[in-house]
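The structure appears below as C-alpha cells.
Please treat every number below as a calculation from the coordinates, not as lab data. What you see is a predicted model, and the numbers here were worked out from it, not measured in a lab. Using ideal geometry, Cβ is built from the backbone for each residue, glycine included, and neighbour counts are taken over all protein chains shown.
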Amino acid sequence: MDGSKVDGKTVAEHIVDFLERREVEHVFGLCGHTNISVLAALAESPIDFITVRHEQIASHAADAYARVTGKASVVLSHLSPGLTNCATGVANAALDCIPMVVIAGDIPTHYYGKHPHQEVNLHADAAQWEIYRPFVKRAWRVDRADLMAEILEKAFHLAESGQPGPVLVNVPMDIFSEVITPDSFDRIIDNTRALKKPSIDDETAREIVEKLAQAESPVAYVGGGILLAKASEELREFVEHMGLPVAHSLMGKGALRDDHPLVMGMTGFWGTELVNQSCLNADYVFAVGTRFKEADCSSWYPGYTFNIGGKDDKTKVIHIDIEPQEIGRNYPTEIGVVADAKAALRVLTRVAKEMYPNGFPRTEKKAEIADFRTKFKASNTEMQTSSAFPMMPERILADARKALPEDAIITTDVGWNKNGVGQQFDILTPGSILTPGGFATMGFGPPGALGAKLAAPDRVVISLVGDGGFGQNPSMLATAVELDLGIIWLVMNNNAFGTIAGLQKAHYGLTYGTTFPGTAAAPTNGPGYAEIAQAYGAVGVRISSADELLPALEAAIASDKPTVLDVPMINNPTPTTGHWNILDIYSPDKDVSHVAT
C-alpha cells in the first residue's frame, strides 16, 4: 500500500503499511470476525496472506519460515479459540527461541466485562492477552489506537533481539477499525530496524583462547544459538584454527556439516559413544549458544555425557550466550560471556590467530573421529541396506539422504525422524534442518515445511514425520496444493506413537493407548495417507517394498509437486548410549530403555 496517503486510514491499514516498510512478504493465519479488517487491508498489499485450515498450522509454518529467513515472522489470529489453537505453535517457537510477532484480534473495548461472543473473561475482564504470558517474551494489549505504532515497533525489536522469541500484540477489533492520522507511524519511520548485538572485548577473548590453548582435551559444545546467529562460518573458522572437536546438542545439529573432520555428533541420550566419552573426558568445554538441556546432557547425571560440577568433576566450562540466564543454569561456569555468537567468534578467531598463528592441528583427535565415523557407518550398513518390509528406519533415512541435494531443507517431528536423524542422518548445509527441540511438538514438521518452502522456494523441502505427527493436522495439504508448493512429506508409518510405544513396552510390557489397530504392514481401518493426499489434490504414493522408496523420492523431487509418501516402517528403537531420568522413574535399578514393538 502507498504509505504516502494522508488522513483517513484505519489502524489496520496503517499496520499493513508498517509491515510493508519492514519488508514482510508473508503473513500466516486464519480469518475471524475480529481480524477481517486487517485482511481487507492486506488484499490491497503485495504481502501474501497464507490461509490455513487450523491456526496451529499457521504458527508452525511461521516458526519454520523465521528459522529459514532469520527474521521475525508474522501470524494473524482471531480471538479466543483462534488464539488458543495457535498457542502450541507459538510456544514451540518460544522454547526454540524463534522470533515471531502474533497479531490477534479481540472483542471491542466497549464490551469488556460484558462477556460478548467468544470472550474469555471467567477470571478477569479484558484479559485474553494473558493466555500467552507464560511463553511469549511480552504480551501487549493495545488500549489506544495512537499507541499501535510504537507497540508494533517494540514488538519486532523485542522478538528479534537478545534471545529471540515470539511476542503477542492483542488488538480489540474496534481499534483495528479506528481511523487515525499517520503521525504516530510517521514518527518511527526512520527508527532502526535491527539493534546492534553485543560482542566481546579482546581481553576476554585472550583469556578464553589461552585456556583452550593450554587445555589437554578441550571440546567445543554448540547449540541452536549458532544457527540463530547465522554463525556457522565463524564457528568453522575458530574450531579449525584451535583444533577443537565439536559436539552439538539436538538443536545444534547442522551448525557445521556433519562430515566435517572435527564434528563428533550429537550428545546425550541419543548421542554416540564417541561424543559422550569425549565430553566426559574433556578438561574444558567451550560452549556457545546452548542451554545444556536435559536429553542432550543425559539428565545431567555424571558419568554419561558431562562431568561438570560436584567435588570430583574434571571439566571446566567456558560459556558464551546471548541470554544471561542460560549461563550457569545447569552447570557451574568458569568464564561466562553474554554476547552474540557470530560477533564473539569473529573476535575470538582474530585474537587466536594473533596469539597462536600456527593454530592447533590435533591430528590424533581428527583420526579418532574419522575412525569412529567409519566404524559407526559400517555398523549401520546392514540396517541401511535391508530389504525388510515394512522398512527399517535406517534404510528410510539412508535412501532419503541419497535422494536429497545437499542444501535440501528437512523438517523433523518427534520420534525416529528427530532422534534418529540427529544421530544418523548427515546434514551437509548448515541451518538446513528444522527441529522442534524445547517443546518437542508432535505435528510441527508437516506445517513447518510450508513455511520453509515459502521462505526458500528454490530449495527442495522434505518433511520427515511419523504417522502420529502427520495425522495431527493433514489439512496443511490444502494450503500446499492451493499455493502449488512442491513439498515432500515422507511418513515413517509404524502405525503407532512409536517411541512412546517402545518405552511403554519396555517398562510395562504392553502398548495400551500407544499403538493403532493392526500393523504397519496391514493397518486395520487405518488412514490411507496416500489417498488423503490425493483427496486434497496432492500426489499420494504408498510404498509397498523397500526398493520402491528411493525411485519414488527421486520422482517426487523431480515433479516439484506436493507429494505424500506413505512408508510402512518397523518400529525399532533409536539406539542410545546416554541416559534419561524417566527410565529411573519407570524402572528403578533396572537397565532398560526402549524396545521394538
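Of note:
- When LYS154, LYS402 are arranged by Cβ crowding within 10 Å, least crowded first, meaning fewest neighbours, the order is LYS402, LYS154.
- At R0 = 30 Å, FRET efficiency that the Cβ-Cβ distance of ARG21 and ASP458 yields, to 0.05: 0.70
- Dividing the Cα radius of gyration of segment 9-186 by 2.2 N^0.38 Å, with N the residue count, gives 0.93.
- Antiparallel bridge percentage (DSSP; both residues within segment 9-186; nearest 5): 10
- Residue among MET266, ILE327, LEU348 farthest towards the positive dipole end of segment 202-368, charges placed on Cβ: MET266
- Stretching the chain fully between SER559 and GLU294 yields a gain of 91.3 nm (0.36 nm per residue, less the alpha carbon separation).
- Among the listed pairs LYS293/LYS375; LYS211/LYS316; LYS71/LYS196; LYS377/LYS418, a Cα-Cα separation exceeding 20 Å is found for LYS293/LYS375.
- Diffusion coefficient, µm² s⁻¹, Stokes-Einstein with Kirkwood Rh over alpha-carbon pairs of segment 103-241 at 10 °C and 1.306 mPa s: 83
- Stretch gain in nm, segment HIS123-GLU334, where the contour uses 0.36 nm per residue and the Cα spacing is subtracted: 71.3 nm
- Here r is the Cβ-Cβ distance between THR109 and ILE36 and R0 is 22 Å; the resulting FRET efficiency, rounded to 0.05, is 0.80.
- Residues listed by number, segment 117-154, amide nitrogen under 11 Å from ASN191 label point at 7 Å toward C-beta: 147-154
- Inter-centroid distance (Cα atoms) of segment 262-306 relative to segment 156-192, Å: 41
- Potential lengthening of the chain between ASN581 and GLU354 amounts to 77.2 nm, from the contour at 0.36 nm per residue minus the alpha-carbon distance.
- Sites listed here are GluC sites (Glu not before Pro) in segment 215-270 whose DSSP assignment is loop and whose Cβ has at most 14 other Cβ atoms within 10 Å: GLU216.
- Part-to-part distance (alpha-carbon centres) for segment 11-73 and segment 334-353, which is given in Å: 36
- Note that segment 520-526 has calculated 3J(HN,Hα) couplings of 4, 6, 9, x, 9, 6, x Hz, one per residue in order, obtained from phi through the Karplus relation 6.51 cos²θ - 1.76 cosθ + 1.60 (θ = phi - 60°); glycine and proline are x.
- Simple label model, 7 Å out from Cα along Cβ direction - GLU203 to ALA370, nm: 4.3
- Of all DSSP beta bridges confined to the chain, the antiparallel ones make up roughly 5%.
- Sequence ranges 189-201, 34-46, 219-231, ranked by mean other-Cβ count within 10 angstrom, highest first: 219-231, 34-46, 189-201
- Placing a pseudo-label 7 Å from each Cα along the Cα-to-Cβ vector at GLU382 and SER475 gives an inter-label distance of 4.7 nm.
- Dimensionless Rg over Rh [the chain; C-alpha; Kirkwood]: 0.98
- Distance between modelled label sites at THR181 and TYR512, nm, 7 Å Cα→Cβ extension: 7.1
- Close amide H contacts of SER463 (hydrogens built in the peptide plane, cut-off under 5 Å, sequence separation of 5 or more or a different chain): THR411, ILE488, TRP489, LEU490.
- Charged-residue dipole, Cβ positions (Lys, Arg, Asp, Glu), the chain about Cα centre, Debye nearest 20: 820
- Residue exposure sequence - MET242, MET383, MET100 - by fewest surrounding Cβ within 10 Å: MET383, MET242, MET100
- Summary of packing: across the peptides 482-493, 135-146, the per-residue average of other C-beta atoms within 10 Å ranks them, highest first, as 482-493, 135-146.
- The order of PHE376, PHE185, going from fewest to most other C-beta atoms within 10 Å of their C-beta, is PHE376, PHE185.
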